Amino acid sequence: MVTLPTMWLGGASLAWEVLAAFWRWTQVRGWLRKLYTAVQLSVFGTATVAMFLVSLVPYSYMEPSTHGRLWTGAHHLFGAVEHLHLANSYGLFRRMTGLGGRPEVVLEGSYDGHHWTEIEFMYKPGNVSRPPPLVAPHQPRLDWQMWFAALGPHTHSPWFTSLVLCLLQGKEPVIRLIQNDVARYPFHKQPPTYVRAQRYKYWFSQPGEQGQWWRRQWVEEFFPPVSLGDPVLDRLLKQFDLQNKSPPRARSSSNTLTQALHWLREQLSPLEAPTLLWGLILAVGAIRVMQSLLGPRPSRSYSPPREEKHKPALKKDPGAAADQAAPAPNNCNSGSQTPRRKK
């Protein structure tokens, strides 16, 4: 509904700028300066209008009916300069997913293959009664990749097979990507025997639904139930070249810095990533505030007023001049007076 009106709004804004530039050109004085300004206006105006027309084509990709009604001249111009990559599709996700329901993959584990327990992630939607957490400025990579995996079959995301294998093996570093607190992981005591994945569509709940943040609907099975040694799992591992991988070389822990970092990581591991990042940001901000409050303030140096270069001449008092000309009386010879010369 808004794609086409925004195009007209952009065209009107551009036309206003062109007319304003033309009006400024009419106010220029001097024929040489006016000729230079006219050439400048023609070059930049033509380039701006052409760029605007070119950008309309990828901008209209998000709405097919508007894209089909676009002026054919804009399509031809875009096709002529497409190899130059002057304009690209608008936005990172110009076609936003989730309008018909947000697709999500839910992992499940079981010991007997009949009773399944959902594996809850820290950030992505799963439990319908849990509110969406505030994660900024943290970027949960695994939760983000799980959403991308839900947009297609699991074969488009080979890493998902490796994730299932690590959960069957009970690898703690991978489990901490799902739940930072290992005690919240439902299979922290013993790895699950079977793992599978289901695809759901999630919607936000209606205002009247108490105690629920999400509504979801089962769509299909995303990943079949597998166990260690399962032919299906072995085939997928072989297909994606994930089998018989040599373990990473163990790093030496004799270094003091390595031991210190390892100890620091163990101490901070119980904290969730958003809490840790906000704690660091607030700590740095508090330190800066304390430095500005308690730090030495710059002293204002006193600068004496500049002496006047030209002092006004002192007016001579005739009486004072006469007193200065007269010699001081001689105390030794008070009776004699020095005769004055007559001019």
Regarding the range 73-94, can at least one residue be identified that is within 30 Å of Trp214 (Cα to Cα) and buried (at least 16 other Cβ atoms within 10 Å of the Cβ)? no
Checked Ser60, Ser55 against criteria (touching a residue at least 12 places away in the same chain (Cβ under 8 Å), in contact with a His (Cβ under 6 Å, 6 or more places away or on another chain) and part of a helix (DSSP H, G or I)); the one match is Ser60
Under the condition of being outside any helix (DSSP H, G or I) and surrounded by 10 or more Cβ atoms within 10 Å (Cβ to Cβ), which residue from the range 228-252 is modelled with the lowest pLDDT? Gln243
Single residue of Arg184, Arg216 found to be closer than 29 Å to Arg102 by Cα, crowded, with 16+ Cβ neighbours inside 10 Å and either touching a Pro at 6+ places or on another chain (Cβ under 9 Å) or not small (Gly, Ala, Ser) (or both): Arg216
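Listed here are the residues, each with its yes/no results for (1) in a helix (DSSP H, G or I); (2) open to solvent by less than 30 Å² (accessible area, probe 1.4 Å).
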{"residue": "Lys124", "(1), (2)": "no, yes"}
{"residue": "Val128", "(1), (2)": "no, no"}
{"residue": "Pro131", "(1), (2)": "no, no"}
{"residue": "Leu134", "(1), (2)": "no, no"}
{"residue": "Gln145", "(1), (2)": "yes, no"}
{"residue": "Leu163", "(1), (2)": "yes, yes"}
{"residue": "Pro173", "(1), (2)": "yes, no"}
{"residue": "Val195", "(1), (2)": "no, yes"}
{"residue": "Lys201", "(1), (2)": "no, no"}
Could you list all residues from the range 199-247 that are over 32 Å from the mean Cα position of the chain (by Cα) and charged (D, E, K, R)? Glu209, Glu220, Glu221, Asp230, Asp234, Arg235, Lys238, Asp241, Lys245
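Look at Leu293 and say whether it is at pLDDT 90 or above and in contact with a Pro (Cβ under 8 Å, 6 or more places away or on another chain). Steps first, please.
Working: at pLDDT 90 or above: yes; in contact with a Pro (Cβ under 8 Å, 6 or more places away or on another chain): no.
It is false that Leu293 is at pLDDT 90 or above and in contact with a Pro (Cβ under 8 Å, 6 or more places away or on another chain).
The values are calculated or read from the model by the stated rules, or taken from the named source; none is laboratory data. Bear in mind that the values here come from a model prediction, so they are computed numbers and not experimental data. Positions of Cβ are generated from backbone atoms using ideal geometry, with glycine treated the same way; all protein chains shown enter the neighbour counts. Heavy atoms of the whole protein, side chains included, go into the accessibility calculation; ligands, DNA and RNA do not. Shrake-Rupley method; radii C 1.70, N 1.55, O 1.52, S 1.80 Å.
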